[in-house]
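Working notes, beginning with the structure itself.
The values are calculated or read from the model by the stated rules, or taken from the named source; none is laboratory data. All of these numbers come straight from a predicted model, not from anything done at the bench. Reconstructed Cβ throughout: ideal geometry from the backbone, glycine too, with neighbour counts over all protein chains shown.
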Amino acid sequence: MKTDHEDILKFYGRQEFAILPIVLYVILGGAIMIITHCYSMKVLILAAVLSIFTGFIFCKNKREFWCSVVRGLGQYGNARLILIFMVIGIFSKLLVTGGIGGGFIWLSTNLGLHGGSFVVFCFIGCSIISMGAGAPIAALLAVIPIFYPAGIMMGANPAILIGSMMSGIFFGDALSPSSQVIHTTIASQHDAKTHKSADLLETMKERLPYIAAAGILSAVIFLLTGGNGGGNGDIAQAQALSNVKGLFMLIPILVMLIICFKTSDLFVGVSGGILTGIVIGLVTGVFQLQDLIMIDSQAQQVHGVFFDGVSSMTDIILSTILLYGLIQIAVEGGMMRKCCDFLSSRKLIQSATGAEAIIAAGVGIVNILLAGCVLPSILMFKDVADEVGQKADIPASRRSILLTAMATNVTAIIPINSAFVMGAVTVIQEMAAKNSILPLVTPFQIFISSSYCLILTVICIAWVCGLGRKKEKSRHLKHLAHAKEW
C-alpha cells in the first residue's frame with residue numbers, strides 16, 4: 001500500500017515531471033490556436049492527448065500511469081459533471097427545438113428592446129437560467145443557442161452579446177444556493193478552532209454586496225456598449241422568426257429552477273424540466289414527436305432532441321475527461337502535496353494579506369492551467385487553501401469567497417485555452433455553419449467583453465488588500481462566541 005506521503009507515479013529524471021503534462025497542455029493548446037487560428041475545443045482535446053502521451057513517456061511505471069488517468073474520471077464528482085453535460089445538452093436542445101429563441105425575439109420586439117437593451121435582457125436571462133443550472137459551463141452551453149441568434153437579429157454587438165452570456169452564467173451561479181461551485185468550496189474550508197466547514201448562508205451573505213455591485217455595473221456597461229458595432233439588425237427577419245408560442249418553453253426553465261432550489265439536485269431539476277418541456281411542447285404543438293426521436297434507416301442516422309442534445313456535448317465531454325486525467329497525474333505524482341508543503345513553510349502566510357495572496361494566486365494559476373474549469377481547479381487546490389488559511393487564521397467563509405471569486409474571474413476566460421471561451425466559440429461556429437447571418441467571434445473579443453469577470457478580478461485584488469477583512473473578522477468572532485454559548 002502507498003502511504004499519503006509516497007508518490008504513486010514515478011518519473012524519469014525528476015519527479016517534478018509529474019506536472020509536465022498540464023504545463024504542456026497549456027503551451028500546446030495556446031500555440032496551436034495562435035499559429036493555426038483554429039479556435040475550438042477540438043484543439044484542447046488534441047493538446048490534452050499529446051500531453052498525456054508525453055507524460056507516459058517520462059513515467060517509469062507505465063501500467064500505473066494509465067490506471068491513474070482512469071482514476072481521474074472514476075471519482076464521483078468528476079463522473080457526475082460529465083453526466084451533467086449530457087443532461088444539460090438534452091435540455092438545451094429541447095428549448096431550442098421548442099422555439100424559445102423565437103419566443104425571446106417576440107418578447108424583445110414587443111418590449112422595444114434593441115442593441116444594448118437586449119444585451120442587458122440577455123445578461124439577466126442567462127443569470128436566471130444559471131441560478132438553476134448549478135454548473136456554469138453547462139449553463140453557458142445551454143444559453144448560447146437561445147440568445148445568440150436572437151441577439152444578432154436585434155442589433156446586438158456579437159462579442160458583447162457573448163460577453164453578457166459569459167457574465168450572466170457566472171453572476172447567476174454566484175447568487176445560487178444550489179451552485180455546485182459554492183457547495184464544493186464551503187465543504188472544503190474549515191474553521192481553525194472548531195474544524196467545522198464554512199456556513200453556506202454566512203458565506204453568501206458576506207459576498208452578496210460585492211457580487212451585486214459587479215452585476216449591476218456589468219449591466220450598465222452592457223446597456224451602454226451592447227449596440228455599438230452591432231449594425232441595425234434585421235427587425236423584419238426577427239419578426240418573421242418570432243413566435244409567441246416559444247415562450248411556453250420558459251415553463252420548463254421555471255420548473256427546473258423551482259426543483260433545483262427545493263432539492264439542491266441539478267439532475268432532478270433538469271430531468272423535471274425536460275419532462276415538463278416534452279409535455280408542453282407536444283400539447284402546444286411547438287414540436288412533434290419525431291423531433292424528439294428520429295431514426296433514418298436509409299441514411300443510417302439518428303437525430304432528435306435526445307441524441308443531438310448529447311452529441312452536441314461531445315467535444316466538451318472529451319476535453320473534460322482528458323483534463324481529469326491530467327489532474328490525477330499531477331496529484332498521484334506528488335506535485336500537489338509538494339506545493340502544499342512548500343507554501344505552508346513560507347513566512348508570507350503569517351499575515352492575512354500574504355496568506356490570501358497565496359490562495360488567490362494559487363487557485364488562479366491552477367484555474368488557468370486547467371482551462372478555466374472551475375470545479376476541477378477548486379478540487380485540486382482546496383486542501384492547500386484550507387491549510388494556509390487556517391495557519392493565517394482566515395475565516396473559512398472568507399476563504400470560500402476568495403476561492404470561488406478567483407476561479408470565476410478572468411482566470412476562467414483566458415483566451416488561449418479556456419473551456420468556457422472555446423466552448424462558446426465552438427457552439428457559435430456550429431450555428432454559423434447552418435445560418436450564414438450569424439457572425440463569428442474570436443476568443444480575445446469574448447475575453448474583453450466579459451465585464452462581470454473583469455470587474456470581479458478588480459474586487460479580488462481589493463479583497464486581498466484587505467477589503468472587508470475587519471468587518472468579517474468581527475462577524476466571525478461573534479459567530480464563534482454565539483456557537484460557544486450554545
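Summary of values
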| quantity | calculated |
| --- | --- |
| Selection within the stretch 373-401 - buried (at least 24 other Cβ atoms within 10 Å of the Cβ), of a type in the set (A, V, I, L, M) and either in contact with a Cys (Cβ under 7 Å, 6 or more places away or on another chain) or within 22 Å of Tyr39 (Cα to Cα) (or both) | Val374 |
| Any hit, the stretch 92-105, residues being over 18 Å from Met431 (Cβ atoms) and either of a type in the set (Phe, Trp, Tyr) or part of a helix (DSSP H, G or I) (or both) | no |
| Selected residue (only one of Thr194, Thr203, Thr184 is modelled with pLDDT under 85, outside any loop (DSSP other than H, G, I, E, B) and among the β-branched types (Val, Ile, Thr)) | Thr184 |
| Qualifying position, being without any contact (Cβ under 8 Å) to a residue 12 or more places away in the chain and either surrounded by fewer than 24 Cβ atoms within 10 Å (Cβ to Cβ) or within 17 Å of the chain's Cα centre (by Cα) (or both), among Leu111, Leu175 | Leu111 |
| Residue in the stretch 25-60 that is surrounded by the most Cβ atoms within 10 Å (Cβ to Cβ), counting only those that are part of a loop (DSSP other than H, G, I, E, B) and at pLDDT below 90 | Tyr39 |
| Single residue of Val286, Val310 found to be surrounded by 15 or more Cβ atoms within 10 Å (Cβ to Cβ), assigned to a loop (DSSP other than H, G, I, E, B) and aliphatic (A, V, I, L, M) | Val286 |
| Some residue of the stretch 157-180 being under 24 Å from Thr426 (Cα atoms) and either at pLDDT below 85 or basic (Lys, Arg) (or both) | no |
| Considering residues of the stretch 312-325 that are in contact (Cβ under 8 Å) with a residue 60 or more places away in the chain and hydroxyl-bearing (Ser, Thr, Tyr) only, the residue nearest to Cys373 (Cα to Cα) | Thr320 |
| Answer residue from the stretch 408-421, given it is part of a loop (DSSP other than H, G, I, E, B) and hydroxyl-bearing (Ser, Thr, Tyr) and is surrounded by the fewest Cβ atoms within 10 Å (Cβ to Cβ) among those | Ser418 |
| Per-region count, the stretch 253-266, residues surrounded by 15 or more Cβ atoms within 10 Å (Cβ to Cβ) and more than 27 Å from Ile437 (Cβ to Cβ) | 7 |
| So Val363, is it part of a helix (DSSP H, G or I), within 16 Å of the chain's Cα centre (by Cα) and closer than 22 Å to Cys126 by Cα | no |
| Looking only at the stretch 449-459, and only at residues there that are without any contact (Cβ under 8 Å) to a residue 60 or more places away in the chain and among the hydrophobic types (A, V, I, L, M, F, W, C), the one that is surrounded by the most Cβ atoms within 10 Å (Cβ to Cβ) | Leu454 |
| Any chance Thr353 is under 20 Å from Phe444 (Cβ atoms), in a helix (DSSP H, G or I) and either out of contact with any Pro (no Cβ under 8 Å at 6 or more places or on another chain) or modelled with pLDDT of 90 or more (or both) | no |
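Listed here are the residues, each with its yes/no results for (1) assigned to a helix (DSSP H, G or I); (2) within 30 Å of Gly468 (Cα to Cα).
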{"residue": "Ile394", "(1), (2)": "no, yes"}
{"residue": "Met406", "(1), (2)": "yes, yes"}
{"residue": "Gly423", "(1), (2)": "yes, no"}
{"residue": "Ile428", "(1), (2)": "yes, no"}
{"residue": "Val441", "(1), (2)": "no, no"}
{"residue": "Phe447", "(1), (2)": "yes, yes"}
